[in-house]
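Down below is the structure, laid out as C-alpha cells.
The values are calculated or read from the model by the stated rules, or taken from the named source; none is laboratory data. These figures come from a predicted structure and were not determined experimentally. When we count neighbours, we look across all protein chains shown, and the Cβ atoms used for this are built from the backbone with ideal geometry, even at glycine.
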Amino acid sequence: MRFLVFILLSLITSSLVAQLSLKGRVLDMKHKPVIGANVYLKGSYEGTTSDLEGYFELLINSKGIQELKISSIGFHVFSYSFHSDSIPDELKVHLKEKINELESVVITAGTFEAGDKKQSMVLSAFDVASTASAQGDIYGAFNSVPGTQKVGEEGRLFVRGGESYETKTFMDGLLIANPFYSQLANIPTRGRFSPLLFEGMLFSTGGYSAEYGQALSSIIALKTTGLQLEDKRSLSLMSVGAGFSEVKTWRRSSVSFTGDYINSAFHNKMFGSGLDWQSDPKLINSTLMFRHKVGESGLVKTFASFQLNQMDMRYHNFSEQVEQNLILDDRNVYANTSFTDMLNEKWMFQGGIAYAYNVDRLDLDEMAMRTTNNGQHLKFKATHLGNARFKWKAGVEWYAHHYNQSINLPSEQVILQYGNNQLGTFVEADWQISPKLALRFGGRSEYSSLIGQSQFSPRLSGAFKTGQNSQVSFAYGTFFQNPQEDYLKVNPNLQTERSSHYILNYQYKHENKLFRVEVYNKTYSQLLTFDTPFSMKPEAYHNNGYGSSQGLELFWRDGDTFKNTDYWISYSYNDSKRLYRDYPVETTPAYASAHNLSLVWKRFVPALSSFFCVTYAVASPRPYHDPNLSGYMQSRTNFYHDISLNATYLTHMLNTEAVIHLMVNNVTGRTNIYGYEFSSTQNKNGVYDRKAIVSPIRQQAVLVLMLMF
Amino acid sequence: MMKVFLISIGVFISLFSRANDDVYLQKMQQSIEQLNRSSTIVHYQTSANAFERISRVESDKWQPMYYTAYSYVLMSFQISDGDEKDKVLDRAQEWIDTAQKVAPDESELYVLQAFLYPSRIMVDPVGRGMKYMGMANKALAQAKQLNPDNPRAYYLEATFIQNMPAAMGGGIEKAVPLYKLALEKFQHFVPDSVIDPNWGKQVTQEALRKANDEMAME
C-alpha cells in the first residue's frame, strides 16, 4: 500500500515540476523555413506546429530521455534524442526532402506520357481520346505531338524520319504484334485498340528503356485500365455502325466487354468515296477484359480481342493500267495475361504472356494470297525497389514468331515461311543521385535464332533540374530490329537493322503551362536494300543501307491562360536521308516532310455542357520520284493542310446519361496530295502518266450517340 | 492481504487507464473544436498535426485517423497548386487507408473517402472527373450500405448532384429533395460518442436555404 502511495505521490509531483520548453527552427536543405511541420515527442499527444518562419516552441512535461520527432509532408521524419536535464538552447533542424515522384527530376528526353496518375504528364488519357484530328485513334493523337511526320495515306506513325515499322506497340509490357488493321496500298489504316481501354500511354520518340527492343525508332507502351469499380453498360449508335459495352464488378474482380460493328455503307453514299467498292467495308471489333485482385497488392489482368476487317473493291491498278478485283479479309486474335505483385517491400514481380494470331487473305483477280502470323511473347520482370534513390530491374523475354504465306496462282503455288525464336534479357538501374539529378543506365542483349547472332545494346539517360520548374535531360541508346517479314520470308539470312539515338531536351513546366524543346541525332546502319521490288531471289536482298536523321522539336501547352481552354502547339523539324530499299542514292525518303506543325485547341463550355476541339495540321512538301525527270526523288508534293473538329455534348436522354459526339475531318474539303503513282509504261508521247495519291474519303463526318445505363 | 493488494493494484490500474482515456477524449475534443474554428491552410495543418500525434499513439482507434485525414482534405480545398493538392491528398489517403484497417466496416470512413475525391478532381477536372466521380459514388454507396442513416452520405450525394450539369441529370432542383432527406437524417442522428464525426448539419441547412433562395429567384 505504501508503495502505491509512493507512486501516486511521485505522479503528482512530476506534474508539479516547472514546465520546460524546447525552442527551435525547422528549415529545409536550402535554408528556407518549413511551415506547418509537426513537432512532437515520440509516444505523446503533445506537440506543436512550426510557424510561418519555421520557428517552434515545444513544452516538455516529462522527465528523462525524450525523443523529438519532426515530420512534414514531402520530408523525411527527423528524430533527435535528448535528456530533459540538458535541453538544447536553440535547435536548428534541417529536414531532408523525400525524393518524391512529383518534385524530383524526371527523365523526359524523347518521352510523351499520357494518363491521369501524375499531373506532370504531358497529355491525359482523355486528351488522347478527344483530339479532333485523331478521330479516336491513339496513333492519330500521338501524331499531334512533336516527333512525328504526317503521312496521310498510311495512318501509321512515322517517327523522326523513321519508317512506320520502326515503331512498336506494347500492352502491359507485352508486344502487340499487329497493332494496326491490315491495309491495302494507299488506304490509311488505324490502330485496332480504342484509347478508352487504357489508363496510361507512353510514347517514346527515342532513347527508351532497355526493357524494350526490336524497334529502331520508337515505342508506344499502353497500360490497360485496372480493376473496374462500377457496373456500367453503354450502347453507341454511330453513323458508321453500332457498339455495345458492359462492365460487371465484384469485390475483387471485374469483367469488361466491348463490341463494335462498323459499316461504311451510309458514309460512302453520303460523302462519296474515291474507291470503287464492290461491297462496303465492314469491321467487327470485340474485346474482353478480366481483372482480379490477388492478396494485398497483386493484380491479374487478362485481355482478349478479336477483329475482322473486310474490304472488297474494283482496284484501278494505275501502274499496270488494269482493273482488278481486290478482296482483303483480315482476322486477328490478340490475347494476353499479365500479373503484377509485390513479393515483399523490396521486390516487385511482373510476368505475362501474349498470344497473337493474324491471318490476312488477299485476293487479286486470280491470285489468292494467305498470310499467317503467329506470335507468342513470354516475359518476366523483377524490380528491386531498394530505396527511393536507387532502383533496378531485370527481365527476360522470349518471343516466338512463325510466318507462313501461301500464294496461289492458277499455274502454281508458292509457299514462303520462316520461324524465329528471339530471346531478350535486360537490366536497368534508376539512380536518383539527388532530387536534382537522376541517371538511368542499362543494357539489353538479344539473340535471334533466325539471325543466329547475339547483340548488345546499351541505354543511358539522365536529367538535371536547372530550376524550380525547368530541367535538362538527355538520352542515348543503340537499337536493333530484324528486317521486315516481306524480306525475311525470301531471305532468312539477313542481318538486323541498326540505329543509335542521341537526344537532348529542355523542359519548363509551371502549373498547367509546359514548354519543351528537343534536339536529336539518329544514325542508321545495315538497313535493308534490294535490287528490285518483290524479288523472289534471296540474293536480291542485302543489309547495305544506311541513313541519318536529325531535327529540332518544340512543344508548348497552356491550360491556364484562357478559361476552360487548353491548347498545344507542336512543331517538328526533321532532316533525314537514307539509302534503303531500292534507292540508288542516299536521299530524303518519300514519307519524310521537313516541317510539321500541329495546333490542338480544346474548350469546355459548361453552359452548353459541351466540349469542343479544333485541330490544325500543316506539313511541308514530301519528296517523290518522277520517272519523267532525271535524278531520283527530285520532285516535291504540295503542302498538307488539315482542319478537323469535334464536339461532344453531355446530356440526359431516355432517363439516362447520354453523350452526343460529332467528328468532322478536313473541314475545308481540301484535296491533300501525298504523292503520285506512275504508270509503269510510257504513253504514246513517251511520258509516264501519273495519278495523285489522295485520301479515298476526302472529308467525312461521324456522328455518335452513346447512352450509358 | 496479498489479494487485497492485487485488487488495489487492479483498481488503480483501471483508474489510471480511465484517467488516460479521459486525457484522450479531452485532447480529441479540444482538437475537434480547434478544427471547427479552422479556415486557413496553416490552421488546418495545425489541426492535422494534432490529430496525427494522437493517431500515432492510439493506433487502435479510427477516430483520430479519421480527423487527421479530414483535416488534410479540408486543407486541400484551400490549395490551388495541383501538385501540392495531390501531395496533401496522398497523406489524407494514407490515413484513411490506415483507419480502414482498424475499422473496415466504418461508414464514416467511406463518407470521408467520397469527400476526398472531389478535391482530386479539381486538379484536372476534364481528365479526372469521370474516374473519380465514379469512385466517389461507389464509396457513398458503401457508406450507405454500412449505415443507411449516415446523414453525411446523403449530404455529400446532394452536393454531387447539385454540381453536376443539369444535362447529365444534376442541378439544383434534383439536389433539393436530397438535402431535405439529409437534414431529416441529421435530426435523428446521434453520434456514438462525443468524438465521433458529427459535422454537416449546419452546412446542409445552409445549402438547402441557398438552393431554395436560388430556385425562388428563378
### Task
Please enumerate the residues belonging to the range B:165-177 that are hydrophobic (A, V, I, L, M, F, W, C) and without any contact (Cβ under 8 Å) to a residue 24 or more places away in the chain.
B:166, B:167, B:168
### Query
Yes or no: residue A:299 under 23 Å from residue A:171 (Cα atoms), touching a residue at least 60 places away in the same chain (Cβ under 8 Å) and buried (at least 16 other Cβ atoms within 10 Å of the Cβ)?
yes
### Which numbered condition residue B:91 misses (of (1) farther than 16 Å from residue B:51 by Cβ; (2) at the interface with chain A (Cβ under 10 Å from one of its Cβ atoms))
(1)
### Summary
When (1) away from chain B (no Cβ under 14 Å); (2) at pLDDT below 85 are applied to residue A:143, the one that fails is (2)
### Summary
Being away from chain A (no Cβ under 14 Å), without any contact (Cβ under 8 Å) to a residue 40 or more places away in the chain, part of a helix (DSSP H, G or I) and crowded, with 21+ Cβ neighbours inside 10 Å narrows B:66, B:154, B:117, B:70 down to just B:154
#### Entry: Of all residues in the range A:40-70 being loosely packed, with under 13 Cβ neighbours inside 10 Å and not small (Gly, Ala, Ser), the one that is nearest to residue A:20 (Cα to Cα)
A:59
### Query
Which of the residues spanning the range B:40-51 are touching a residue at least 12 places away in the same chain (Cβ under 8 Å) and surrounded by fewer than 20 Cβ atoms within 10 Å (Cβ to Cβ)?
B:40, B:41
### Summary
Considering residues that are in contact with a helix residue (DSSP H, G or I) (Cβ under 8 Å, 6 or more places away or on another chain) and more than 9 Å from every other protein chain (Cβ to nearest Cβ), the number found within the range A:41-66 is 3
### Query
With (1) part of a helix (DSSP H, G or I); (2) touching a residue at least 40 places away in the same chain (Cβ under 8 Å); (3) surrounded by fewer than 23 Cβ atoms within 10 Å (Cβ to Cβ) as the list, and residue B:110 as the residue in question, which single condition is left unmet?
(3)
### Message
Against the conditions (1) over 27 Å from the mean Cα position of the chain (by Cα); (2) outside any strand (DSSP E or B), where does residue A:695 fall short? Just the number, please.
### Response
(1)
### Message
Given the criterion surrounded by 14 or more Cβ atoms within 10 Å (Cβ to Cβ) and in the same structural domain as residue A:346 (by TED's automatic domain parsing), identify the matching residue among A:385, A:409.
### Response
A:385
#### Entry: Failed condition for residue B:141, given (1) modelled with pLDDT of 90 or more; (2) within 14 Å of chain A (Cβ to nearest Cβ); (3) touching a Phe, Trp or Tyr at 6+ places or on another chain (Cβ under 8 Å)
(3)
### Message
Quick check on this structure: which one of A:485, A:497 is in the same structural domain as residue A:371 (by TED's automatic domain parsing), in contact with a Gly (Cβ under 8 Å, 6 or more places away or on another chain) and of a type in the set (Asp, Glu)?
### Response
A:497
### Query
Picking from A:641, A:652, which residue would you name as being in a strand (DSSP E or B) and either of a type in the set (D, E, K, R) or within 14 Å of chain B (Cβ to nearest Cβ) (or both)?
A:652
### Query
Which one is farthest from the other protein chains (Cβ to nearest Cβ), of the residues in the range A:584-622 that are part of a loop (DSSP other than H, G, I, E, B) and surrounded by 22 or more Cβ atoms within 10 Å (Cβ to Cβ)?
A:589
### Query
Inside the range A:208-248, can you point out the residues that are of a type in the set (Asp, Glu) and buried (at least 19 other Cβ atoms within 10 Å of the Cβ)?
A:211
### Query
Is it fair to say residue A:320 is surrounded by fewer than 15 Cβ atoms within 10 Å (Cβ to Cβ), assigned by TED's automatic domain parsing to the domain that holds residue A:343 and over 23 Å from residue A:695 (Cβ atoms)?
no
### Task
Taking the options A:319, A:338, name whichever one is farther than 25 Å from residue A:417 by Cα, touching a residue at least 60 places away in the same chain (Cβ under 8 Å) and not in a strand (DSSP E or B).
A:319
### Query
Is there a residue in the range B:164-178 that is away from every other protein chain (no Cβ under 14 Å) and under 22 Å from residue B:38 (Cβ atoms)?
no
